[in-house]
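> Before I ask anything, here is the structure I am working with.
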Amino acid sequence: MTLATASPRTLRIGPIDLDVPVVLAPMAGITNTAFRRLCREYGAGLYVSEMITSRALVERNETTMRLIRHHESETPRSIQLYGVDPKTIADAVRIIVAEDHADHIDLNFGCPVPKVTRKGGGAALPWKSSLFSDIVTQAVKAAGDIPLTVKMRKGIDRDHLTFLDAGRAAEDAGVAAIALHARTAGEYYSGHADWNAIGELKQAVTSIPVLGNGDIWSADDAVRMMEQTDCDGVVVGRGCLGRPWLFGELATAFGGEGKTVDATLGFVADAFKRHAELLVEFFEDEDRGCRDIRKHVSWYFKGYPVGGDIRTGLATSSSLAEIDELLARLDHSAPYPGADAEGQRGRAGHAKRTALPDKWLESREIAASTSEMMRGAEIENSGG
């Protein structure tokens with residue numbers, strides 16, 4: 001596994017003190033309360049919800065209201081919001097604060113998915129500098145004493161970088177921290193994250209924490225990122241897919257309390273089953289919970305001697321009893337497979353031209369007609 005160690009490090013985001021400088025990145029369809037609870041069982045840090053659409057929250061969409069719920073064991077509670085309209089985002093922030101849904105709010109300016117960027121949202125939005133500043137300023141004001149942070153990418157592509165301007169603007173607006181995924185939207189998750197950009201942002205933004213994100217597959221990577229960039233903390237996304245115990249390794253690496261595990265196949269099988277049980281509890285539906293765990297099968301068992309028939313069975317199972325029967329057929333004594341289980345997890349995709357609204361790159365200001373189109377995007381995305 002990992003032998004990484006570093007000098008004890010903590011992280012302060014507004015009034016929130018974290019024992020270790022580690023944040024779970026929001027991941028759509030992944031970081032629901034079930035997965036967050038599982039990660040917390042191994043380590044420490046801040047565990048952020050999957051992306052919540054601000055319009056859907058204001059409309060009190062049923063699915064969205066379920067997604068913002070936290071288990072009583074979760075503290076501090078964190079919600080990430082996505083939106084393109086300053087007023088709607090501010091209204092969503094006010095609901096979260098007034099109804100005590102979270103202790104921390106993050107704004108998403110890093111999503112590279114075409115259906116988001118095509119409407120000017122996510123990683124495309126910081127290109128419109130005045131709109132970006134307006135959104136962040138209004139959101140910070142609406143948040144009051146609740147710390148509000150932003151997560152972003154380097155920019156749209158290498159010819160349209162925004163992270164330094166956006167970082168300074170967010171700092172001026174009063175955010176509590178900034179996280180940078182060190183890729184452009186066009187790079188998607190391909191290639192290697194440009195950690196040097198994290199160091200550049202750290203030098204440009206001096207009054208609040210700067211967090212680094214991208215290619216953290218192990219505690220070794222997290223320690224190296226902080227040493228190389230001087231960033232104040234790390235944001236871990238795809239590296240924990242099928243490996244929630246990575247947060248234990250990270251906690252230990254940074255001088256905190258984390259579980260040290262022997263990741264035999266039996267240990268992994270138990271973690272997989274625990275995840276399925278938490279999903280069933282979250283959805284309050286055994287069939288739905290067992291369907292949701294299917295996407296995690298390849299991540300949990302990467303590199304382990306698990307036959308195709310068992311993998312297929314787990315990826316089509318519809319009950320906890322069926323999962324139990326399949327896991328019982330595994331050789332629980334099989335040791336951790338080393339390098340075969342390490343490295344990249346999740347889909348990397350490939351570099352491609354970012355889908356953008358018509359004439360988006362012609363100006364850093366936003367036209368009235370484009371603004372109206374973007375408001376419509378939030379309605380289309382309603383549902384969490």
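The values are calculated or read from the model by the stated rules, or taken from the named source; none is laboratory data. Quick caveat: nothing in here was measured; it's all calculated off a predicted structure. For neighbour counting, all protein chains shown are included, and Cβ atoms are generated from backbone atoms with ideal geometry for every residue, glycine included. For accessibility, only protein heavy atoms count, side chains too; no ligands or nucleic acids. Shrake-Rupley method; radii C 1.70, N 1.55, O 1.52, S 1.80 Å.
> Are any residues in segment 265-306 buried (at least 16 other Cβ atoms within 10 Å of the Cβ) and acidic (D, E), and if so, which ones?
E277, E286, D292, listed by residue number.
> Could you tell me which numbered condition G346 fails, if it satisfies all but one of (1) surrounded by 15 or more Cβ atoms within 10 Å (Cβ to Cβ); (2) at pLDDT below 95; (3) not in a loop (DSSP other than H, G, I, E, B)?
Single failed check for G346: (3).
> In segment 266-318, how many are in a helix (DSSP H, G or I), over 14 Å from T33 (Cβ atoms) and of a type in the set (F, W, Y)?
Selection size over segment 266-318: 4.
> Taking segment 32-77, which residues are in a loop (DSSP other than H, G, I, E, B) and under 17 Å from R288 (Cβ atoms)?
In the first step, residues of segment 32-77 are kept if they are in a loop (DSSP other than H, G, I, E, B); the result is 32, 41-45, 49-51, 59-61, 68-77.
Scanning segment 32-77 gives N32, E50, R69.
> Given A34, A6, which one is among the aliphatic types (A, V, I, L, M) and modelled with pLDDT of 95 or more?
A34
> Another one. Is at least one residue of segment 104-119 aromatic (F, W, Y), closer than 30 Å to F272 by Cα and either crowded, with 24+ Cβ neighbours inside 10 Å or within 15 Å of the chain's Cα centre (by Cα) (or both)? Walk me through it before giving the result.
So the first thing to find is which residues in segment 104-119 are aromatic (F, W, Y), and the list is 109.
Right, trim to closer than 30 Å to F272 by Cα and you get none.
For segment 104-119, residues aromatic (F, W, Y), closer than 30 Å to F272 by Cα and either crowded, with 24+ Cβ neighbours inside 10 Å or within 15 Å of the chain's Cα centre (by Cα) (or both): absent.
> If I filter segment 16-31 down to residues being in a loop (DSSP other than H, G, I, E, B) and among the β-branched types (V, I, T), which single residue comes out as nearest to I79 (Cα to Cα)? Write out each step before concluding.
Taking segment 16-31 and keeping what is in a loop (DSSP other than H, G, I, E, B), we get 19-21, 25-31.
Imposing the further condition that a residue be among the β-branched types (V, I, T) reduces the set to 20, 30-31.
Details: V20: 19, I30: 14, T31: 10 Å.
Across segment 16-31, the extreme among qualifying residues is T31.
> Looking at segment 112-139, which of its residues are hydrophobic (A, V, I, L, M, F, W, C) and modelled with pLDDT under 95?
Within segment 112-139, V113, V116 qualify.
> A follow-up question, please. For P8, work out the one condition from (1) in contact (Cβ under 8 Å) with a residue 40 or more places away in the chain; (2) outside any loop (DSSP other than H, G, I, E, B); (3) surrounded by fewer than 17 Cβ atoms within 10 Å (Cβ to Cβ) it doesn't fulfil.
Failed condition: (2).
> Still on this structure, I have one more. Select from segment 327-339 the residues that are assigned to a helix (DSSP H, G or I) and more than 13 Å from V268 (Cα to Cα) and write down the one among them that is most open to solvent (accessible area, probe 1.4 Å).
So in segment 327-339, the residues assigned to a helix (DSSP H, G or I) come out as 327-328, 338-339.
So of that shortlist, the ones also more than 13 Å from V268 (Cα to Cα) come out as 338-339.
On the way: G338: 22, A339: 84 Å².
Top of the filtered list is A339.
> Quick one: which of V23, V84, V97 is of a type in the set (A, V, I, L, M) and within 29 Å of L250 (Cβ to Cβ)? I'd like the intermediate steps shown before the answer.
Working: V84 fails: within 29 Å of L250 (Cβ to Cβ); V97 fails: within 29 Å of L250 (Cβ to Cβ).
So the residue among V23, V84, V97 that is of a type in the set (A, V, I, L, M) and within 29 Å of L250 (Cβ to Cβ) is V23.
> Take segment 34-54 and flag every residue that is out of contact with any strand residue (DSSP E or B) (no Cβ under 9 Å at 6 or more places or on another chain) and open to solvent by less than 30 Å² (accessible area, probe 1.4 Å). Even if it seems obvious, please write down each step before you answer.
Restricting attention to segment 34-54, the residues satisfying the condition of being out of contact with any strand residue (DSSP E or B) (no Cβ under 9 Å at 6 or more places or on another chain) are 34, 38, 41-42.
A34, L38, Y42, listed by residue number.
Each row is one residue, and each column tells you yes or no for (1) open to solvent by 20 Å² or more (accessible area, probe 1.4 Å); (2) of a type in the set (D, E, K, R); (3) part of a loop (DSSP other than H, G, I, E, B).
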position	(1), (2), (3)
G191	yes, no, yes
Q203	yes, no, no
S207	yes, no, yes
W217	yes, no, yes
V223	no, no, no
Q228	yes, no, no
C231	no, no, yes
G242	no, no, yes
G258	yes, no, yes
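> Go through segment 90-99 and report how many residues are assigned to a helix (DSSP H, G or I), without any contact (Cβ under 8 Å) to a residue 40 or more places away in the chain and among the acidic types (D, E).
So the answer is 0.
> Another one. Look through K151, K87, K141 and report the one residue that is open to solvent by 20 Å² or more (accessible area, probe 1.4 Å), charged (D, E, K, R) and not in a helix (DSSP H, G or I). Lay out the reasoning, then the answer.
On the way: K87 fails: not in a helix (DSSP H, G or I); K141 fails: not in a helix (DSSP H, G or I).
Of K151, K87, K141, the one residue that is open to solvent by 20 Å² or more (accessible area, probe 1.4 Å), charged (D, E, K, R) and not in a helix (DSSP H, G or I) is K151.
> Moving to a separate point now. Of the numbered conditions (1) surrounded by 23 or more Cβ atoms within 10 Å (Cβ to Cβ); (2) under 16 Å from the mean Cα position of the chain (by Cα), L57 fails exactly one; give the number of that condition.
Only one criterion is unmet by L57, namely (2).
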